[in-house]
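Since the structure comes first, as structure tokens, the remarks are kept for the end.
The values are calculated or read from the model by the stated rules, or taken from the named source; none is laboratory data. All of these numbers come straight from a predicted model, not from anything done at the bench. In this analysis, Cβ positions are derived from the backbone assuming ideal geometry, glycine residues included, and neighbour counts consider all displayed protein chains. Only protein heavy atoms, including side chains, enter the accessible area calculation; ligands, DNA and RNA are left aside. Shrake-Rupley method; radii C 1.70, N 1.55, O 1.52, S 1.80 Å.
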Amino acid sequence: MDIVQILGVAASVSLLAGWRLYLCIFAVGMAMRFGWVATPEHLQALNVLSNGWIIGIAGTGAVAEFLADKVAVVDTVWDAVHTLVRPVGGALLALALVDAGDPVWQVATLLLGGGATLLTHSAKAGTRAIVNTSPEPFSNAIVSTGEDVVSGGMLIAVLANPMLAVICAAIILAGTIAALLILRRLLFRRSAGPPDTQSGRIFEPPAA
């Protein structure tokens, strides 16, 4: 893989980690174990992701995340707890994928990977917080299933064909920014309260 493809894979995985962290760890671990992605020589410690125990734990976490994500109350709590966990995981995933020999680039990779994960996590948590307020149980499950399909499909595409990684990263980033802008508009409308109907009332003089 050339540098553009490597950065695209790292960006895509970091962004997707904000939605499905354990699934991303599981996928990257499997990719390293079977040689789909080579671990940088100077970062052999990150080869632990390909350890069978880590893959098993990540797989168990992915199943737990899949189930928790389908229940509105549990999903809200899960997202709140993972506000700190997901950015750290996304940063380590980015570092495991990018061959940054310079310590400066290693720090930059950690910061950018963690920031990308935090960005998508914020969009996911904010969107789901609104969806979870719906009185019926189906909308949450539908949105969650959509996230599962998109995350799994993009992970397969990115790891199988790095040429698609840059495109996937751009799509995820654009969708995340759009979601955050929509959330910001919705929150602004809610904080503004109901429109003042009194101000538009036509003055009528009192009856004699």
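Would you kindly find the accessible area of Thr60, with a 1.4 Å probe and non-protein molecules such as ligands, DNA and RNA excluded, rounding to the nearest 10 Å²?
Taking all protein chains as shown, Thr60 has close to 90 Å².
How many nm is it between the label spots at Ala178 and Ala80, if each spot is 7 Å from the Cα in line with the beta carbon?
3.1 nm
Can you send over the solvent-accessible area of Val143, 1.4 Å probe, protein chains only, in Å² to the nearest 10?
Counting only protein heavy atoms, the figure is 50 Å².
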